[in-house]
Structures are given as C-alpha cells and as structure tokens.
1. Starting from the Cα gyration tensor of segment A:559-632, take the square roots of the eigenvalues, sort them a ≥ b ≥ c, and report rounded, prolate or oblate (rounded when a/c is under 1.5, otherwise prolate if a/b is larger than b/c, else oblate).
2. Provide the net charge surrounding A:PHE69, with neighbours chosen by a C-beta distance below 14 Å and charges set as Lys +1, Arg +1, Asp -1, Glu -1.
3. Report the charge-dipole magnitude of segment A:370-436 in Debye, nearest 20, computed about the Cα centre from +1 at each Lys and Arg Cβ and -1 at each Asp and Glu Cβ.
4. Buried by at least 20 Å² relative to the chain on its own: which residues of segment B:34-50 qualify, computing accessible area with a 1.4 Å probe on protein heavy atoms?
5. Given H placed 1.01 Å from N in the peptide plane, which residues other than close sequence neighbours of A:ALA829 have an amide H under 5 Å from its amide H?
6. Put +1 on the Cβ of each Lys and Arg and -1 on the Cβ of each Asp and Glu in the protein assembly as shown; which of A:GLY352, A:GLN803, A:GLY60 then has its Cα farthest toward the positive end of the dipole?
7. Of the listed peptides A:320-326, A:443-449, A:718-724, what is their order by residue-averaged count of other C-beta atoms within 10 Å, with the highest listed first?
8. How large is the charge dipole for segment A:714-757, taken about the Cα centre, if only the Cβ atoms of Lys, Arg (+1) and Asp, Glu (-1) carry charge, to the nearest 20 debye?
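The values are calculated or read from the model by the stated rules, or taken from the named source; none is laboratory data. The shown structure was predicted, so the numbers you read here are calculated from the model rather than taken from an experiment. A quick note on method: Cβ atoms are made from the backbone with ideal geometry, for glycine too, and the neighbour counts reach across all protein chains shown. Heavy atoms of the whole protein, side chains included, go into the accessibility calculation; ligands, DNA and RNA do not. Shrake-Rupley method; radii C 1.70, N 1.55, O 1.52, S 1.80 Å.
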Amino acid sequence: MLQEWVIVAASFAYLGVLFAIAYYGDRRAAAGRSIIANPYIYALSLAVYCTTWTFYGSVGRAASSGVGFLPVYLGPTLMVPLWWYVMRKILRISKAYRITSIADFVASRYGKSQVLGGLVTVIAVLGVIPYISLQLKAISGSFTILRHYPEVVMPGKALAQPFLQDSALYIAMMLAAFTILFGTRHLDATERHEGLVAAIAFESVVKLLAFLVVGAFVTFGVYRGFGDVFRLAERTPDLRALLTVPSTSGSYVTWAFLTLLSMLSIMFLPRQFQITVVENVDEDHLGKAIWLFPLYLLLINVFVLPVAIGGLSLLAGAGVDADTFVLTLPIAQQKEALTLFAFIGGLSAGTGMVIVETIALSTMVCNDLVMPVLLRMKSLRLNAWPDVSGLLLSIRRLAIGAILLLGYAYFRIAGDAYALVAIGLISFAAVAQFAPAILGGIYWRGGTRSGAIAGLSAGFVVWGYTLLLPSFAKSGWLPSRFLTDGLFGLALLRPQELFGLTGMDEIPHSLFWSMLANIGLYVGVSVASRPGVAETSQAALFVDVFERTHAFDRSRFWRGSASVQDLLPLTGRFLGPERAREAFLAYARRRGCSSLDTLPADADLVHFAETQLAGAIGGASARVLVASVVQEEPVGIDEVMDILDEASQVRAYSRELEQKSRELETATAELRAANAQLQELDRMKDEFMSSVTHELRTPLTSIRAFSEILREDPRTNLADRARFLAIIVKETERLTRLINQLLDMAKIESGSAEWHTSELDVQEAIQDSVDATSQLFRDSGVELTVSLEAAPRVRADRDRLVQVIMNLLSNAVKFCPRGGRVEVRLAPAPDGVRVDVQDSGPGISPADHEIIFEKFRQVSDTLTGKPRGTGLGLPISRRIVEHFGGRLWVESEPGHGATFSFVLPLDAGARAAGESPAHAVARKGVGR
Amino acid sequence: MSRSGTTGPRLVAIFLMGGALLNYPILFLFARPGELAGIPLLYAYVFAVWILLIGLMAAVIERPRG
C-alpha cells in the first residue's frame, strides 16, 4: 500500500533534488566553472523534447495506431544531421546579435519588427499553453492513479477533486517557484540559465531510466523477452494490426507528414529553441549532440510497443486508458517501488517541459508583447526611470506565473476534452508555421517583413481553422455541425475536408493547407513587395552571417551621431547601472581605449549598445530605445544596396587577389624548378666536357706514342712499323668517328641538324643497313638472321634511319661472342612499325637499361673491363627516333642477350616536318 | 568546428538515405507479415535503419581529425 504521504514526500524529494542541482549549477557558473559546458549535458538537455506526451503518450499512441508513434522520433533523427548547416547558422546569428527567443529571431531578421515579434509570441503562446496544460493533466492524473494503489482506477473516474485538493495546482505553483527562482534570478544579457539546464539534463536521465526500467520489467519480468511479447501480439487478432502499417492509402502520407512535422518541431518549439540555441554554451557541442540525441530518442522508444501490447492484453478489458499503461502495469503487478519510479519518471518528463517552455514563453511575452506596449505608453514615462531592470524581472516573473496559471486553468476547463488530449501534434503544427519565415530568413535574402507577416498570419489562421477549432468542436465547445457541414453550412469549408480534400488525416490535411498558405504568401508577398532599409541590411547580416560578423560590416548600415553619455545610461537602465558600466569598460578595452571618455562614439559603439540591450529586452525594442537617444541620419535603400554590392565586390576582389597570389606561388615554384634544372644542366655540361676531353685524349695518346716510337727509333723493323702505322690509322679513324658523332649530337640537340624527310619503306632501310654491315658480321663470326614482315610506309629521314639501324647492328656484333646470333625483325605495331634487334650477348643488367642511353655512359664490358665504342651511338639513335615521334628502348636480362627495339609512328614524318624549322630557330634563340 | 569540409556533405547524405529508407515506398516493402529474430519485420527494419543512421552519424562526427 502506497501511502499518500509517501507519494507526496517522494515528489517533493524529487523536486528538492532538482532545486539542489539547479542551485549547484548556478553556483558553479558564477564561479566560472560551468558543469554544463560539455556536449553530453547539451545532448541530454535537448531531450526536453520528450515530455509526458512521450513518457505516457507514446504507449497510448502505439496501442491505438501501432507504428504511428514512431515518426515523431524519426523526424528529429533525420533533422539533426542537417543541423550541421542549419542550426549552426542559427546559433551563429543568435550569438552574434544576442537573440534570446524565437520571436526575437524572427523580429530581428525582418528589420527588428515589433509587429512580427508580437505575432510570433501570440502564435507560440496559443499553440503551447495547452501543451503545458497537458503536462499538468498527466502529472495530476498519475498522482490520482498512484493514490489508489493497489487498485487500478482511472483519474477520470476518480473525478475532479475540489480545487484546493488538486495536486496539479500545487505542482503548477512549485514549478512557477522553480522557474522564477532559476529562470529570472537576474537579467543576463545572454539569457542563459546554467543551473536550470543542469536540472533539465538530470530530468532527462531520470525519465529515460524510469521508462527503460518499466519497459524491461514488462518485457522480461511479465513476459519472457521481446519474442514472447510479439508472439502474443501475433496470436491475438486485435493486436496483430499494430505490427504493420494500416493498409489504408493515407497512412504513408500521414507517416511522411508526421516525420516532416516533427523535423520542424525539433527546431521551432519554443523550449527546443531555448535549449538548443539560447542555452548553448559552445557551438562545438552541436557535433556530438547530432548523434547522441537520436540515440536518446531510440532508447526511449525501444520498449514502447512491448508495454503497449502488455497493457492491451492484461488491462484493456478493465477499461484502463492506454495512456496510463506505464503506470498501471506496475500497479497491476503489485510492484510498489517500480510504480513510484515510473511516477517520478513521468513527473520529470512533465516538469522539464513545463519549466523550459515557461521560461521561453515568458521571455517572449516580456520582450515582444509587454515591453513594446510599455515603451509606447508615453504616460508611463519609462524613459525617465533610472533603473528598469527590476521592472523587467518583475514582468518576467509575472509572465511565468500567468503562463502557468493559464495552463492550469485550461486544464481545469478542458479536463478530458479532446482539445487537450490531442494537443501534442496540434501544438507541433502551430510552431511549424515559424519554419518558412526562419528557414527562408536565413537562406533567402529576398524574404521581406510583409511576406513574413502575411505568411505567418495565413498559416496561423489556417491552422486554427483546420486543427484548433475542430478540436473545440470535438470537445463539444462548438456545434458539431461546424465539422460536418462546414462554416455557414458550406460543404467546401468543412474544416477537416477543406475545399473537398478528403482522404487525408487531420494533421497532414492541416499541415498541407497551412504550409501552402504560409509558404505561398511568404514567397509571393516577399517578391511583390519592396523591402525597407532595415530589412535589407538585417537580411544581409543574417544570410551572410559567416562572412559578415566583422564589426566593420555590421556598423556600416548605420550613420548618425551618438555619445557615450547617452548610450551608457540607457543601457544601464535595463541591465543595471553597474553591469552596463562593466560591459562598456570591457568594450572600451577591446577597442584599445583606457577610459569611457576616450571611447569614440561611432556606429560600432551604437551597435554594441544596441546588442547589449537586445539581450535584455529583445532586438525590436532595443532598436526603438537606441533610436530615441541618438541622432540618426536616414540611410537610403539605394545606399544600403550599394554597401551590399560594394561588400560583395570587395569579397570578389579579395577572392581574385587570393587567386592571383596562388598563381604567383605556382610561378615561383616553376621558376625555382627551372633554375634547379639549369644548374643540373650546367653540371652535366661540365661532366660532358671532361668526358669528351678524356675520350679525345685516349686515341691521341696512343697515336702520339706510336708516332714517337717511329720517329725516335729508325731501326724498327718493317713488320712493327706496319703494325704501328695500322694502329695509328685505326686510332685516327676512331678520333674522326668520335668528332663526327660529337658534331652530329650537337646538331641534333641544338635543332640545327638537317632532316630530309620522305616517305620510305622501313624494309628497304633495314636491308641496306644489313648489307652494309654484312662484312662486319662475317669478320666477327656472328650469324645474322633477318625476318621482315610487310609493314606500312612511314615518313622519316632515310639516312638517319639507316644510321640508327646500323648503330644497333654494330652494337649487337660488338657484344656478341664468336658464333653468336643476331636477329633483326620488322613488324607492324598498333600505331606504326616496330623494329627489334636481338643479340645473344651477355645482356645488360636492369640497373643499366637507362644509363646506356646517356652520353658517354657506356657499360663496361664484363669480359675485358674496357669500354668499347664512343658512348655516343645509342644517345644519338634515341634522339633520332624521338625526333620522328617514336621511342627506343632495351629489354634484357644478364646472360640472356639483349633486344633493342624502336617504334616509329605512322604520322611521324608529318610531325617532324611540321615542327622542324620553327623548333630549330627557337632552340637556337635559347642557345644564344 | 575545424573539421574537414567533408563532414557536412556526409551528414546530408545520411539525411537523404534516412529519408528514403524510412518512407514510402521502401517502407512499404517491409510492412508485411513476417519476423526477424522474433521481432515483427517492420519494427526490426525501422529500428535497424535507425541504429544504422545513428552509427553513421557517430562515425562521421567522431572520426579522428587530420
């Protein structure tokens, strides 16, 4: 038996813990050691999305529509990845301009419009207060159920308690006290409440744990796991339908619309905006929240269906409302502690929502409804008050009290009426109306104030007509003919089948029409109207927030004269003189001024003061106030457009400049590389000179040595003389050959070689070369085989080609041992003709495959260790082949001979002929 | 948020994938009798996609920088 005092004590103990946490959080924040400055607390506090409507209501919806409860949580899961762009932008804007509520955001974007701020506030209040009532009702209901433990009694049957015994009243009063205490402790220019956020994060943990424990108990305690529960549902005809999507045509439409609706709600519900944007400590926390928050949603939904199935099969017969299964199942199983924990979980879900929602609404009501009116009341002489901050706090506190009172009153009036029960999604649909004005406002510069007002109003009216009024009719507060026959008896105006649109559920139906009207008018009126000066500049500041946060950009839209003597007292009146003075001094230091007197009273100062004020009383009122103490010169719309154009031009120039500097860097790098190459060439030239002289000296030395022998020793016999003379002749020939090749090489390299290009048959060229070298082969005892396939004719210089082939052949002979074999092959290649010269010599090691094509870099003979030849033949051959657009290479393995191959392309001659003269001149020019 | 510029596009891709997998007509393919490890097919599918989305988002956000 749960005594009533136990329940009350537990509730108070829980609220006491909440107070303690909030108090501790505030203390730590004041000491500069925030406990909420981490992404985990941020993600947990976002879970204020899950109210009693989730805690109790998900099971209720699952019991009636099966999968129908899921889109409300899948929508946010789909939305959060887009926050990387969307929410980051909203966060950046809000932090830059001290925006403290969703109404303030919309008002600021559209030229700091008081009308828009008021309109958004009205929509939010009307849409959300019933939702607060729903939380009070759920808490009160759960309390009533708990009091009858161990019987399962429905709160409706226990019937309304007398006013003073109603637990909901006391809960509302407690929550008002909590919210006032931690939500309006002082006027913070950023409207952040650290203690409160800590408490909300704690509540999120409690409600999740409570739901998981109840769910696990039902699934694993009452039944034997998920399989058991689902088999039970499968066997029961009434429950089987819950396991799949209803086969009616509209259910997928409903699914998609509910997903979309919750995608918008997760951003634009006032409590979500408060937690996500206003209470955000650090933009970086968004990253982790992007996956932690959906994880939270997943966890809190895992057991929804098992609990629904369990409740339906165990309790449905007893007339128990499915919305109470989370509580009544533990009661029916006689689990006292579990029941109490479930109740605390529901309490945490309800209180968390009420607290944050109330704070958010009270800020809006104060800044966007009450203050604008008070500032207009000249008789109040608000301008003469020395300190208005106390008044502001009082208004906030009164607003909190009033909102909770209204919520409680609506709960008492509506009771079990449909209008209250269905408010969850109706509330979502109301705040979804903010989406076009906000999303359009941050991405589309063309959205105007008139457009936003028209769109919001139209969306709101359609929402009221298609959702709110029908819910009144279903509650019996309006004649039911309104639903069945339409307004004035016009069938076309049936609120839930507007213009004859049938086959859609009420939420998709209303969302469709209201969004059509909202977006249509927002866009239509925006493009049709001419925006004013303030709207144009604000639009630019919002849309380009990532480029335009620089003070220079912001303050250029303002011109006039101001003085610190005017602005400081004004700010002081709203923030408190001390805090204002501190803020101004800090600002002066940032600008490098030692005192307030030296602070230049320029546009930037005005902007600073206005932002400070905006944090306290909202952007629209701050604008009015600042305008009242400074002399402003009107800035024309053309001028604003000029500034915007100029700014974008400056950005374009700077991009161009960056481009140019990048190009310059590339050019520098290229020059550096060219320089390095030149140095390398210089080094190579020196090397070349020393090798040339070395090559020339060797034969010269030998010629001179033998000549001297002949001169100095006249008695040398004839045979020796003949031998020495033969050596001298041979060495002279070698010298001549070397010099010829050197000249040849130099000509080819400088481009001054003469080329006599003509169409020729490679077969003939090979045959001529073979004939010319046949004596060489005979002398060396090397066998030469020739296999020539028919190949297309190519354009080339015949003599040069013969030179190449002869060079390859003589090389092959040179390296072949006596009795070796050399084979010449000609074959058509895919894009020309290919010639191979294969020998059976010692082969070339892979490391030397490229070296042999360098000048004078012949590989030493493995047998004698002496180089043979001049070391220029292969480099010249390669250059000749390359001149015709072909390539020359070697394939060889040591011990298996070598194959030198070259390919000549078919159009080689054309290229060589076309290129040759101009190229030669160019190269000559460089050479000089 | 000095992560490389690929995080945003990847998150958008996750959104697009989730939007496609959790709506008609792909959802329709799983809205039929049947079960997967004792869980009705539709629920198993939706929760599997849900877990997949969260896992991908975590992988994209938490991948080591640089």
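1. Working: a/c = 1.82, a/b = 1.22, b/c = 1.49.
Oblate.
2. On the way: positive: A:ARG61; negative: A:ASP323.
With Lys, Arg at +1 and Asp, Glu at -1, the net is 0.
3. Numbers: 6 positive and 2 negative charges, 66 e Å.
Once rounded to the nearest 20, the dipole reads 320 debye.
4. B:GLY38, B:ILE39, B:PRO40, B:LEU42, B:TYR43, B:VAL46, B:PHE47, B:TRP50
5. A:ARG834
6. Toward the positive end, the furthest listed residue is A:GLY352.
7. Values: A:320-326: 24.7, A:443-449: 20.0, A:718-724: 12.1.
For the peptides A:320-326, A:443-449, A:718-724, the packing ranking is A:320-326, A:443-449, A:718-724.
8. Numbers: 7 positive and 6 negative charges, 79 e Å.
Rounded to the nearest 20 debye, it is 380 debye.
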